[in-house]
Amino acid sequence: MPRYDYYCDDNGFVIEVTHGMSEKLRTWGELCERAALEPGETDVEAPVSYTHLRAHETSLHLVCRLLLE
């Protein structure tokens, strides 16, 4: 299953989650539920936006990318 990065403008967090290509997360609450995270003080209705699809990356690619960032 592909991995996606989602960004929440309300708190500045980027969260990576896995889901099917036809699914789209729209709120901080949906994103937190998918990532098994507590929403904290951010409104669960805060919008999130998809920022990056990582379907093409292997574990090695991810390690290299993280080291370069």
Provide a single number: the residues in the stretch 1-18 that are touching a Ser or Thr at 6+ places or on another chain (Cβ under 6 Å) and either farther than 13 Å from R34 by Cβ or among the aromatic types (F, W, Y) (or both).
3
If a residue must be open to solvent by less than 20 Å² (accessible area, probe 1.4 Å), more than 8 Å from the chain's Cα centre (by Cα) and without any contact (Cβ under 8 Å) to a residue 40 or more places away in the chain, how many such residues does the stretch 1-28 contain?
3
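Yes/no per residue for (1) part of a loop (DSSP other than H, G, I, E, B); (2) of a type outside the set (D, E, K, R):
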position	(1), (2)
M1	yes, yes
I15	no, yes
L31	no, yes
L37	yes, yes
E41	yes, no
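The values are calculated or read from the model by the stated rules, or taken from the named source; none is laboratory data. Everything numeric in this text was worked out from a predicted model, so none of it was measured. Positions of Cβ are backbone-derived with ideal geometry, glycine not excepted, and every protein chain shown enters the neighbour counts. Heavy atoms of the whole protein, side chains included, go into the accessibility calculation; ligands, DNA and RNA do not. Shrake-Rupley method; radii C 1.70, N 1.55, O 1.52, S 1.80 Å.
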